[in-house]
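Participant: First, the structure itself, so that you have it in front of you.
The values are calculated or read from the model by the stated rules, or taken from the named source; none is laboratory data. Treat the numbers as computed from the prediction; the structure is a model and nothing was measured. Neighbour counts are summed over all protein chains in view; Cβ atoms, including those assigned to glycine, are modelled from backbone coordinates with ideal geometry.
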Amino acid sequence: MNIIVCIKQVQDPDIPPRDFKVDEEKMEILPPANVSPVISTFDENAVEEAIALKEEHGGKVTVVTVGPENCKDSLKKCLAMGCDDAILLNDSCFENSDAFGIARILAAAIKKVGEFDIILCGRLSSDWGFGSTGLALAEALGLPSVGQLQKITVEGTELICERALEDGVEVVKVKTPCLLTVSNEINTPRLPSVKGILMASRKQLPIWKSTDIDVDESKIGDSANTLELTKLYKPVFTGNCEFIEDESLEEAAKKLAMRLREDKII
Ligand SMILES: Cc1cc2nc3c(=O)[nH]c(=O)nc-3n(C[C@H](O)[C@H](O)[C@H](O)COP(=O)(O)OP(=O)(O)OC[C@H]3O[C@@H](n4cnc5c(N)ncnc54)[C@H](O)[C@@H]3O)c2cc1C
């Protein structure tokens with residue numbers, strides 16, 4: 001079973017919001033200095049799932065990302081976890097692509113990688129969170145896709161996929177090759193082993209530019225974007241604190257309940 005995993009490197013979502021700054025004029029997020037970027041949360045689940053499927057059914061896992069040079073760190077982490085190959089897609093003409101542009105770049109790279117059974121993506125990224133790159137990639141490659149998975153079971157050339165919905169679970173059958181997006185319920189990503197870290201540190205990662213893949217440059221990057229970012233700002237949260245007091249705790253609780261009812265909170 002050959003699996004391709006698409007990962008995105010993002011600013012660590014555990015950084016407290018107060019430490020982020022937004023340049024509203026340039027519409028850019030300015031993360032705090034000296035904090036290393038990480039693999040987007042659900043993408044780590046996708047990497048874990050790919051390795052687990054390979055361990056059970058054999059095959060090979062290739063991980064790809066579109067991003068800057070320092071994405072090599074995240075790709076090496078994937079190799080250290082157990083992926084077989086990693087490819088960085090990096091070119092100035094790839095910059096500022098929207099989800100459709102990123103999907104076109106990924107589609108061209110995946111065609112070059114060759115035969116595969118499954119493409120795995122996260123259900124959405126931990127930074128911009130459009131949740132559309134995976135689906136746009138499936139469309140670009142003409143593949144069936146199933147999203148938000150909490151379990152994947154292989155039955156021959158079919159996959160039984162459990163979708164994590166808000167109020168239940170949906171079970172869907174899909175034939176390979178296909179694209180699946182995963183949710184965090186699917187697994188707990190493993191930590192890379194020391195042996196894996198050493199092996200990954202010695203591996204040279206290929207960097208593919210637009211000339212290495214068959215991508216139409218007029219359909220990627222800033223000028224091809226179908227969305228226009230018009231405003232980027234940090235919301236300001238304000239709150240009023242009111243103490244409800246009375247002679248006893250019981251009386252105070254009654255008063256609080258009445259007040260919550262008056263304000264239509266209960
Ligand atoms: C007008 C506009 C301006 C923007 N400006 C910037 C900017 O200045 N800087 C910036 O960082 N972003 C910017 N973005 C966001 C950027 O376009 C998105 O990161 C990109 O479109 C992917 O969407 P997403 O992050 O919401 O990923 P989603 O669609 O939520 O990602 C879903 C899944 O797709 C896969 N995936 C997503 N991105 C990649 C990738 N690069 N490589 C491999 N797999 C991937 C992953 O598996 C991921 O879990 C901008 C977006 C718009 C619309």
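Participant: Since residue 146 meets every condition but one in (1) under 16 Å from the mean Cα position of the chain (by Cα); (2) outside any strand (DSSP E or B); (3) free of Cβ contacts under 8 Å to residues at least 40 places away in the same chain; (4) buried (at least 17 other Cβ atoms within 10 Å of the Cβ), which condition does it not meet?
Facilitator: If we test residue 146 against (1) under 16 Å from the mean Cα position of the chain (by Cα); (2) outside any strand (DSSP E or B); (3) free of Cβ contacts under 8 Å to residues at least 40 places away in the same chain; (4) buried (at least 17 other Cβ atoms within 10 Å of the Cβ), just (2) comes out false.
Participant: Could I ask something else about it? Suppose we filter 189, 235 for residues that are under 30 Å from residue 22 (Cβ atoms), surrounded by 10 or more Cβ atoms within 10 Å (Cβ to Cβ) and either over 22 Å from the mean Cα position of the chain (by Cα) or touching a residue at least 60 places away in the same chain (Cβ under 8 Å) (or both); which single one remains?
Facilitator: 189
Participant: Scan the stretch 86-104 residue by residue and report those that are within 8 Å of the ligand (Cβ to nearest atom) and of a type in the set (Val, Ile, Thr).
Facilitator: 102
Participant: Continuing with the same structure: Looking only at residues in the stretch 1-55 that are assigned to a helix (DSSP H, G or I) and among the polar types (S, T, N, Q), which one is farthest from the chain's Cα centre (by Cα)?
Facilitator: Of the residues in the stretch 1-55, the ones assigned to a helix (DSSP H, G or I) are 17-19, 41-55.
If we keep only those that are among the polar types (S, T, N, Q) as well, we get 41, 45.
Values: 41: 6, 45: 9 Å.
It comes out as 45.
Participant: Can residue 83 be described as of a type outside the set (Gly, Ala, Ser), outside any strand (DSSP E or B), buried (at least 24 other Cβ atoms within 10 Å of the Cβ) and more than 12 Å from the ligand (Cβ to nearest atom)?
Facilitator: On the way: of a type outside the set (Gly, Ala, Ser): yes; outside any strand (DSSP E or B): yes; buried (at least 24 other Cβ atoms within 10 Å of the Cβ): yes; more than 12 Å from the ligand (Cβ to nearest atom): yes.
It is true that residue 83 is of a type outside the set (Gly, Ala, Ser), outside any strand (DSSP E or B), buried (at least 24 other Cβ atoms within 10 Å of the Cβ) and more than 12 Å from the ligand (Cβ to nearest atom).
Participant: Let me ask another. Quickly run through the stretch 211-220 and pick out the residues that are out of contact with any Phe, Trp or Tyr (no Cβ under 7 Å at 6 or more places or on another chain) and either assigned to a helix (DSSP H, G or I) or within 14 Å of the ligand (Cβ to nearest atom) (or both).
Facilitator: Listed by number, the residues that qualify are 211, 212, 213, 215, 217, 218, 219.
Participant: On to the next question. Could you run through the stretch 107-133 and say how many residues are within 6 Å of the ligand (Cβ to nearest atom), in contact with a helix residue (DSSP H, G or I) (Cβ under 8 Å, 6 or more places away or on another chain) and either in a helix (DSSP H, G or I) or among the aromatic types (Phe, Trp, Tyr) (or both)?
Facilitator: 2
Participant: Right, here's the next one. I need the full set of residues from the stretch 5-59 which are more than 16 Å from the ligand (Cβ to nearest atom) and touching a Cys at 6+ places or on another chain (Cβ under 9 Å), in order please.
Facilitator: Answer for the stretch 5-59, where residues must be more than 16 Å from the ligand (Cβ to nearest atom) and touching a Cys at 6+ places or on another chain (Cβ under 9 Å): just 54.
Participant: As an exercise: evaluate residue 223 against (1) closer than 30 Å to residue 118 by Cα; (2) modelled with pLDDT under 95; (3) within 15 Å of the ligand (Cβ to nearest atom) and give the number of the one condition it does not meet.
Facilitator: (1)
Participant: Just to check your reading of the model, which residue among 28, 49, 24 is closer than 21 Å to residue 183 by Cα and either touching a residue at least 24 places away in the same chain (Cβ under 8 Å) or among the hydroxyl-bearing types (Ser, Thr, Tyr) (or both)?
Facilitator: Working: 28 fails: closer than 21 Å to residue 183 by Cα; 24 fails: closer than 21 Å to residue 183 by Cα.
The unique qualifying residue is 49.
Participant: Which residue pairs have Cβ atoms under 6 Å apart, sit 6 or more places apart or on different chains, and have a first residue in the stretch 32-43 that is free of Cβ contacts under 8 Å to residues at least 60 places away in the same chain and a second that is assigned to a loop (DSSP other than H, G, I, E, B) and crowded, with 24+ Cβ neighbours inside 10 Å?
Facilitator: 39/7
Participant: All but one of (1) away from the ligand (no atom under 16 Å from the Cβ); (2) in contact with a strand residue (DSSP E or B) (Cβ under 8 Å, 6 or more places away or on another chain) hold for residue 166, so report the exception by its number.
Facilitator: Residue 166 satisfies all of (1) away from the ligand (no atom under 16 Å from the Cβ); (2) in contact with a strand residue (DSSP E or B) (Cβ under 8 Å, 6 or more places away or on another chain) except (2).
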